[in-house]
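In what follows, a single structure is set out as structure tokens and then discussed.
The values are calculated or read from the model by the stated rules, or taken from the named source; none is laboratory data. Given the structure is predicted, the values throughout are model-derived calculations rather than measurements. Reconstructed Cβ throughout: ideal geometry from the backbone, glycine too, with neighbour counts over all protein chains shown. Quick note on the areas: whole protein, heavy atoms, side chains included, nothing else; ligands and nucleic acids left out. Shrake-Rupley method; radii C 1.70, N 1.55, O 1.52, S 1.80 Å.
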Amino acid sequence: MSTDFDAVIIGAGFAGMYMLHRLRQKGFTARVFEAGEGVGGTWYWNRYPGARCDVESVQYSYQFSRELEQEWEWTERYATQPEILRYANHVADRFDLRRDIRFETRITAAVFDETANAWRVETDKGDRVAARFVITAMGCLSSPNTPKIPGLEDFKGPTYHTGNWPHEGVDFTGKTVGVIGTGSSAIQSIPIMAQQASHLTVFQRTANYTVPAHNRPLDPAYVRQVKANYPEMRRRARSKPAGIDFTINPASAIATPEAERRREFEKRWSYGGLGFMASFSDLLLNDDSNKTAADFVRSKIFEVVKDPRTAELLTPKNIIGCKRLCVDTGYWETFNRPNVTLVDISDAPIERITASGLRARGQDYAFDCLVLATGFDAMTGALLKVDIRGRGGVALRDKWREGPKSYLGLTVVGFPNLFTITGPGSPSVLTNMLPSIEQHVDFIADCLETMRARGVNVIEPVEKAQEAWVGQVGDAANITLRSTCSSWYVGANIPGKPRVFMPYIGGFPAYIAACETVVKNGYEGFALA
Ligand code: NA7
């Protein structure tokens, strides 16, 4: 069978865009299908007020093009969603990507035809295309989770999900607003919504840890220095577990004398950002060490929040860093405002949404607008929305019923010529997504090139290699505290989702080394036919 393209790529976020560019460079044909009207993925959909990246902008950027690195000017330490979206659009223009992207088109099914060794892909616009490879670039946090709270459809006012925010923006001036959720999206948006709304009521199921961003405009001298030393900074970042260039203190928190420990935490706190978790090397390995960091952050809440009862409610009880740490600007301060109320719903779920608000713990709350900051069906949600069928017509949804299993987080037994960029089983969400994406894209592009050179048509992992990798992912998860709480990393936010720690937590360098060994040994663990 002749195919329409060498590869179909699903999604035009940072992964899909670079994949297209890389395949073109190597002389392959590719078509990207993208549900949105534009490029940018996460940064196209998540337009809620205050949306920002929590990795510093100079690091949350592509490194495949030295020219791009030099010409693009980030303006703030942590880039806003509009700035990142401008960057994505700049990349699309600069590398002339749009002509191979079909926008406003969602892939609904991808079925592997075993006689033709090709994928047959269908879209919601009626396209039927055939390609040798399907490469998913759908993002890890792109399938918004709207919880099934009774009465949701009864609410008379507008309902907004942070993960699918209206493009024209929302002005809450003079409105009363109810927010469900206190994850990263809520923590970023609540301070801004509170400045507009006449009253904001926040419904909190689990209090979350957050560290200050200390965001600021970037100093041009600093930017010059970064640009002069970009390769060195990228190399350092690549050698760190999260693929982010910050210094990890090798000491153990619990073994460090208290005064010294406090100094380290204070130093990191005043610097701001996710590097707080690198204050000591064992914060996610040792309960006692973790508690020292947790207590430090808890004490900060009481320094900021004036009402002790509210401070107590805002105080997280669980392990710090178990759920993803948030990075904020003025979050706790917001609860000192007279127009903000915190409602604790930790002991009983919201009873129902009503026409005028919601009912929780036997009490009615009224508001004009409802904001769902309720997160995503992470890592597998977007993948499993597409009806992906491999050998024998087996559906990925069935194959992963007990949880995702993959080889390197990139490929799945029974699904030949399918690659999942930043898929479950890869470091993905535990790292800086941009370098992780680039590493996967380069792996895939090199693999396709090798296959072409060797005259190989089909690549598929073998069961034994996949089982071994799944074992490695599980073993790595078991030694950290991160696998112990009810986070979206383990699917706990989605009722009925199997509890599996989905990302590979062995660190970016170990993961790169594993991929390099596989390639060096002639694509070890794969059957090439
Ligand atoms: P998160 O971090 O998953 O946060 C979702 C929030 O919504 C969290 O506080 C949840 O409480 C809450 N939630 C979810 N369902 C309900 C129901 N049914 N009732 C009450 N509260 C609920 O999503 P975000 O969008 O904030 O952030 C996702 C990632 O994006 C983030 O980690 C960064 O990587 C960027 P829970 O904690 O489950 O009790």
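A single entry from 77, 99, 94 fulfils the requirement of being over 27 Å from residue 124 (Cβ atoms) and surrounded by fewer than 17 Cβ atoms within 10 Å (Cβ to Cβ): 94. For the range 490-508, the count of residues that are open to solvent by less than 20 Å² (accessible area, probe 1.4 Å), more than 16 Å from the ligand (Cβ to nearest atom), farther than 16 Å from residue 402 by Cβ and more than 17 Å from the chain's Cα centre (by Cα) is zero.
Reported count of residues in the range 114-123, each being in a strand (DSSP E or B) and within 17 Å of residue 456 (Cα to Cα), is 2. The residue pairs whose first member lies in the range 221-242 and is within 13 Å of residue 60 (Cβ to Cβ), whose second member is assigned to a loop (DSSP other than H, G, I, E, B), and whose beta carbons are closer than 6 Å, counting only pairs six or more residues apart or on different chains, are 226/58; 233/245; 234/63; 237/243; 237/244; 237/245; 242/431. Screening 480, 484, 422 for residues that are among the β-branched types (Val, Ile, Thr), surrounded by fewer than 20 Cβ atoms within 10 Å (Cβ to Cβ) and within 16 Å of the ligand (Cβ to nearest atom) leaves exactly one candidate, 484. Filtering the range 155-184 to residues that are in contact (Cβ under 8 Å) with a residue 24 or more places away in the chain, away from the ligand (no atom under 16 Å from the Cβ) and not in a strand (DSSP E or B) leaves 156, 157, 158, 166, 167, 169, 170, 171, 172, 173, 174, 175. Scanning the range 315-330 for residues that are crowded, with 21+ Cβ neighbours inside 10 Å and either free of Cβ contacts under 8 Å to residues at least 24 places away in the same chain or touching a strand residue (DSSP E or B) at 6+ places or on another chain (Cβ under 7 Å) (or both) returns 327, 328. Kindly establish whether residue 361 is among the basic types (Lys, Arg) and within 15 Å of the ligand (Cβ to nearest atom). The answer is yes for residue 361. Per the listing 301, 244, the residue uniquely open to solvent by less than 30 Å² (accessible area, probe 1.4 Å), in contact with a Leu (Cβ under 6 Å, 6 or more places away or on another chain) and either within 27 Å of residue 435 (Cβ to Cβ) or of a type in the set (A, V, I, L, M) (or both) is 301.
Modelled with pLDDT of 95 or more, open to solvent by 30 Å² or more (accessible area, probe 1.4 Å), on the phi < 0 side of the Ramachandran plot and not hydroxyl-bearing (Ser, Thr, Tyr), is that true of residue 468? Against the criterion (modelled with pLDDT of 95 or more, open to solvent by 30 Å² or more (accessible area, probe 1.4 Å), on the phi < 0 side of the Ramachandran plot and not hydroxyl-bearing (Ser, Thr, Tyr)), residue 468 qualifies.
Restricting the range 190-208 to residues that are within 13 Å of the ligand (Cβ to nearest atom) and buried (at least 24 other Cβ atoms within 10 Å of the Cβ), the residue that is farthest from the chain's Cα centre (by Cα) is 202.
Put simply, of 408, 396 the only residue that is more than 20 Å from the chain's Cα centre (by Cα) and either surrounded by fewer than 23 Cβ atoms within 10 Å (Cβ to Cβ) or over 13 Å from residue 19 (Cβ atoms) (or both) is 396.
Among the residues making up the range 347-383, those that are among the aliphatic types (A, V, I, L, M) and touching a Gly at 6+ places or on another chain (Cβ under 8 Å) are 353, 358, 366, 370, 371, 372, 373, 378, 379, 382, 383.
Taking the criterion of being assigned to a helix (DSSP H, G or I) and acidic (Asp, Glu), the residues of the range 293-324 that qualify are 295, 303, 312. Identify all residues within the range 331-353 that are in contact (Cβ under 8 Å) with a residue 40 or more places away in the chain and open to solvent by 30 Å² or more (accessible area, probe 1.4 Å); write none if there are none. Passing the criteria: 333, 337, 341, 346, 349, 351, 352. Taken as a whole, the structure places residue 18 among residues that are hydroxyl-bearing (Ser, Thr, Tyr), surrounded by 23 or more Cβ atoms within 10 Å (Cβ to Cβ) and touching a helix residue (DSSP H, G or I) at 6+ places or on another chain (Cβ under 7 Å). Checking the structure you have, find out if any residue of the range 25-36 is more than 16 Å from the ligand (Cβ to nearest atom), within 30 Å of residue 240 (Cβ to Cβ) and not in a loop (DSSP other than H, G, I, E, B). Checked against the condition, which is being more than 16 Å from the ligand (Cβ to nearest atom), within 30 Å of residue 240 (Cβ to Cβ) and not in a loop (DSSP other than H, G, I, E, B), the range 25-36 yields at least one hit. Within the range 118-154, track down each residue that is surrounded by 19 or more Cβ atoms within 10 Å (Cβ to Cβ), of a type in the set (Gly, Ala, Ser) and within 16 Å of the ligand (Cβ to nearest atom). Passing the criteria: 139, 142, 143. With respect to being among the acidic types (Asp, Glu), more than 24 Å from the chain's Cα centre (by Cα) and either assigned by TED's automatic domain parsing to the domain that holds residue 277 or open to solvent by 10 Å² or more (accessible area, probe 1.4 Å) (or both), residue 71 fits the description.
Residue by residue, here is whether (1) in contact with a Ser or Thr (Cβ under 8 Å, 6 or more places away or on another chain); (2) open to solvent by 10 Å² or more (accessible area, probe 1.4 Å) holds:
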site: 370; (1), (2): yes, no
site: 391; (1), (2): no, yes
site: 412; (1), (2): yes, no
site: 417; (1), (2): no, no
site: 432; (1), (2): no, no
site: 439; (1), (2): no, yes
site: 442; (1), (2): no, yes
